[in-house]
Amino acid sequence: MVSRIIPVDTFDLVIFGGTGDLARRKILPGLFRRYRSGQMPEAARIIGVARSDMAADDFRQQIGQALEEFVEEGKRSANDIAGFLAHLDYVRVDAKGTDGWGELKGKLRDEAVRAFYFSVAPGLFGDIARGLHKHGLAHDETRIVVEKPFGHDLESAKELNAGLAKYFDEHQVYRIDHYLGKETVQNLMAVRFGNILFEPLWNAQFIDHVQITVAETVGVGGRGSYYDKSGAMRDMIQNHLMQLLCLIAMEPPSKFDPDAVRDEKLKVIRALEPVAKNDVVRGQYVGNDAVADYIDDVENPDSATESFIALKLHLANWRWAGTPFYVRTGKRLRARMSEIVIRFKETPHSIFGADSGSKANELAIRLQPNEGMDLRVTIKEPGPGGMRLVDVPLDMTFAEALGPEASEVPDAYERLIMDVIRGNQTLFMRGDEVEAAWAWADPVIAAWEDNNDKPRAYDAGSSGPEDSLALLHRDGRRWREIKV
Ligand code: NAD
């Protein structure tokens, strides 16, 4: 496979929160990889902004260390790092103050694409948007990139949207959901809409159910106090799993164009039915000798926040009526694995007899680890002995099918940042999508909060609470195992 690096226009990318964890771990290593692949224009500039008083050289040194830490060995050389750091600059700006904006403005060029990445707490989004406007740093084509969490509920999401809309038009706002930047997620669209094979079967008549699992092995780590106010529903379902569900369930857009795609996703969210109480299972992990209990991790013995959630969802439309979508996500589970499973229906009649071994087709789309797709089909078991059937995988792991370069797919962040520079919003959430997702999630959350429902305990290293398994068992179905 020949890799195709599509050049981008030269840019000034300003990262508010340039010294923070996300910038050091994801954004700058992602940009470094783009630099190394030859995609970063000679004249591109990346300007870190934060509150600390720091010389540009010190910032470069800090980021150099971050690259050593977060870019795999063998994918960085001292030369590459030095070359990349030469693109970096630093300006001290307190988003809430008046200092530094003028200096920052002086560094920006009229002829370059101008983007501001808000890698700071959402409480500062409004201040930065106002500051950029007031100090004359933004023009009509300036782009802003905002991070999750985009709101805590519908009301706060509306406030955030309104705070940005005062100064920026929707076509300038890039709300990141890094799940949409994953290669496989985009491949889901390629598979659905680039083949004739799947789409005719892609509905309730032929699909029995859909499963989406995002399982993590880590606990809440250092984010305990933030996480305890949020929980798995707000932190993962409302945004990431909802976005995946949209791409599976949406109607074919008329073209692969930002608004055409996002219009279709919005219709999916709006078609979600209210969730029945017994279709929600929440859990909280209990530790063991090796790891702490959730309540100790968050230092809140009375916490009723879920570190795991499973839901059975229904879409009220012609395509999907009758096909449930089971979604689950949690921390401290058995393996780190994200996967979408499309389980097709059994053949209406088996000419080979009931015990011939025929199984329903299954398409599994793995987001991690080993991104790829796996379609299980039934064939005849080779050899004599009559017509015995087996189901075998048609494995489509990219690295195997397309050669080793395909395993060098860009990380979600680097792809999305380059989309910002190109001005392509297709893989970013529109404001109305985010609000619709909260409008759906809020009553689900209110239902358990109003009842003071406590999450069920589950063992660290397990597949989640027993009840989440029962959510499928009672329908005569089962989850695919959480395993690598
Ligand atoms: P962080 O606390 O590590 O960094 C925050 C940055 O903001 C620092 O550079 C700090 O100097 C800067 N800052 C704080 N107040 C400022 C002010 N008044 N003016 C200018 N700069 C100021 O946070 P983080 O983990 O990097 O997260 C940044 C954002 O990204 C948050 O909204 C977070 O929720 C989101 N996010 C983080 C991660 C992650 O993995 N860290 C993942 C997803 C989303």
Exercise. How many residues, within the stretch 120-152, are more than 26 Å from the chain's Cα centre (by Cα), within 14 Å of the ligand (Cβ to nearest atom) and surrounded by fewer than 17 Cβ atoms within 10 Å (Cβ to Cβ)?
Worked result: 2
Seminar exercise, completed: Here the residues within the stretch 153-168 that are within 16 Å of the ligand (Cβ to nearest atom) and crowded, with 17+ Cβ neighbours inside 10 Å are A157, L160, N161, G163, L164
Exercise. Can you name every residue in the stretch 381-395 that is open to solvent by 80 Å² or more (accessible area, probe 1.4 Å) and under 15 Å from S350 (Cβ atoms)?
Worked result: M387, R388
For this session: Using the structure shown, decide if H171 is more than 16 Å from the ligand (Cβ to nearest atom) and open to solvent by less than 20 Å² (accessible area, probe 1.4 Å).
Result: no
Exercise. Among the residues of the stretch 158-169, how many are assigned to a helix (DSSP H, G or I) and out of contact with any Gly (no Cβ under 6 Å at 6 or more places or on another chain)?
Worked result: 5
Problem set entry | Long-range neighbours under 6 Å by Cβ, at least six apart or interchain, first residue part of a helix (DSSP H, G or I) within the stretch 379-401, second modelled with pLDDT under 80 | F398/A406; A399/A406; A399/S407
For this session: Working only within the stretch 425-462, note down all residues that are open to solvent by less than 20 Å² (accessible area, probe 1.4 Å) and of a type in the set (S, T, N, Q).
Result: Q425, T426
Problem set entry | Index of the failed condition, F352 passing every other in (1) within 27 Å of the chain's Cα centre (by Cα); (2) of a type in the set (F, W, Y); (3) more than 28 Å from K277 (Cβ to Cβ) | (1)
Problem set entry | Any hit, the stretch 68-82, residues being within 23 Å of G222 (Cα to Cα), touching a helix residue (DSSP H, G or I) at 6+ places or on another chain (Cβ under 6 Å) and either touching a residue at least 24 places away in the same chain (Cβ under 8 Å) or within 14 Å of the ligand (Cβ to nearest atom) (or both) | yes
For this session: Could you tell me which of the residues K96, K105 is open to solvent by 50 Å² or more (accessible area, probe 1.4 Å), on the phi < 0 side of the Ramachandran plot and near the ligand (Cβ under 8 Å from one of its atoms)?
Result: K96
Seminar exercise, completed: Among residues of the stretch 1-21 being open to solvent by 10 Å² or more (accessible area, probe 1.4 Å) and either part of a helix (DSSP H, G or I) or touching a strand residue (DSSP E or B) at 6+ places or on another chain (Cβ under 6 Å) (or both), the residue farthest from the ligand (Cβ to nearest atom) is D9
Exercise. Do the conditions hold for D475, that is, is it touching a strand residue (DSSP E or B) at 6+ places or on another chain (Cβ under 9 Å), in contact (Cβ under 8 Å) with a residue 12 or more places away in the chain and in a loop (DSSP other than H, G, I, E, B)?
Worked result: yes
Exercise. Restricting the first residue to the stretch 343-358 and requiring it to be in the same structural domain as L389 (by TED's automatic domain parsing), which pairs with a second residue that is open to solvent by 70 Å² or more (accessible area, probe 1.4 Å) and of a type in the set (A, V, I, L, M) meet a Cβ separation below 6 Å and a spacing of at least six or different chains?
Worked result: F352/M387
For this session: With respect to Y285, determine if the residue is hydroxyl-bearing (S, T, Y), under 24 Å from A460 (Cβ atoms) and not in a helix (DSSP H, G or I).
Result: yes
Exercise. Within the stretch 74-90, is even one residue more than 27 Å from N424 (Cα to Cα) and among the acidic types (D, E)?
Worked result: yes
Exercise. Among the residues of the stretch 426-472, which ones are in contact with a Ser or Thr (Cβ under 9 Å, 6 or more places away or on another chain) and assigned to a helix (DSSP H, G or I)?
Worked result: W438, L469
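The values are calculated or read from the model by the stated rules, or taken from the named source; none is laboratory data. Bear in mind that the values here come from a model prediction, so they are computed numbers and not experimental data. Methodologically, a virtual Cβ is constructed for each residue, glycine included, from the backbone with ideal geometry; neighbour enumeration extends over all protein chains shown. The protein model used for the area step is the full one, side chains on, heavy atoms only, and it has no ligands, DNA or RNA in it. Shrake-Rupley method; radii C 1.70, N 1.55, O 1.52, S 1.80 Å.
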